[in-house]
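Heads up: the structure comes next, in structure tokens.
Any read-out appearing in this document is the output of simple, stated calculations on the displayed coordinates, not a laboratory observation. Since this is a predicted model, take the numbers as computed values, not measurements. Using ideal geometry, Cβ is built from the backbone for each residue, glycine included, and neighbour counts are taken over all protein chains shown.
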């Protein structure tokens, strides 16, 4: 879904949200309404705005999304009524997709992105999703298929609420992406992602940390992915 970045950024509708209001939106809002609300809330986080704007200004980057924690945890902070929407957020995951899967090519993009945000005081983690399958077995002890594209990569997180992304182009077009919609995110539910490549240990460890920081979350029990070999 594509939105006008400036319109979303300056929209006062979601300047103050509550957990109850988000649940109502999850129950009765259309996908488009939920996507616009998600983007508007995420952009209330000044670090998210700044990172998006810096990356949009870089010419020649492979396709990319800011994804995962810095986005869904901003929503959790808003639902908790926190003034500081950056609270508890450790880093900003940047997924890009470059068919050149050499480490050298990935390193060039990583360095460009890190240089662009160097003065922001944020922890940015750019990674080429086209080469994840090359190092995943050594890190996590299992083989995975190569990701086809960025939506495929975003769909692989351990919990459904994580599978969201924002991207911004130089013309101000904001790309809002979600694998599973926004209902679990707005209801503050941690649900195992049926498309994940992550093992149960990852889901449980992340859920434990998240619930310590955001105790209003509800964790659902682990269920094996629909296609573990995916």
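Which ordering of 152, 92 is given by a fewest-first count of other beta-carbon atoms within 10 Å? Could the numbers behind the result be given before it?
Details: 152 16, 92 25.
Exposure proxy ranking, most exposed first: 152, 92.
Using a 10 Å cut-off around each Cβ, can you sort 163, 113 from fewest to most neighbouring Cβ atoms? Mind dumping the intermediate values first?
Values: 163 26, 113 21.
Fewest to most other Cβ atoms nearby, the residues stand as 113, 163.
Is the range 6-96 best put as rounded, prolate or oblate by its Cα gyration tensor, with a ≥ b ≥ c the root eigenvalues, rounded for a/c under 1.5, and otherwise prolate when a/b is larger than b/c, oblate when not?
Values: a/c = 1.93, a/b = 1.55, b/c = 1.25.
Here the range 6-96 falls in the prolate category.
Which distance in Å, rounded to a whole number, links the C-alpha centroids of the range 1-40 and the range 154-230?
18
Arranged by the count of other C-beta atoms within 10 angstrom, fewest first, what order do 51, 132 take? Write down the numbers at each step before the final one.
On the way: 51 23, 132 18.
The most exposed by this proxy come first: 132, 51.
Any idea what the relative contact order of the chain is, in percent, if you count C-alpha pairs under 8 Å spaced at least 6 apart? If you can, show how the numbers build up before the last one.
On the way: 384 pairs, mean separation 52.7, N = 230.
In percent, rounded to a whole number, it is 23.
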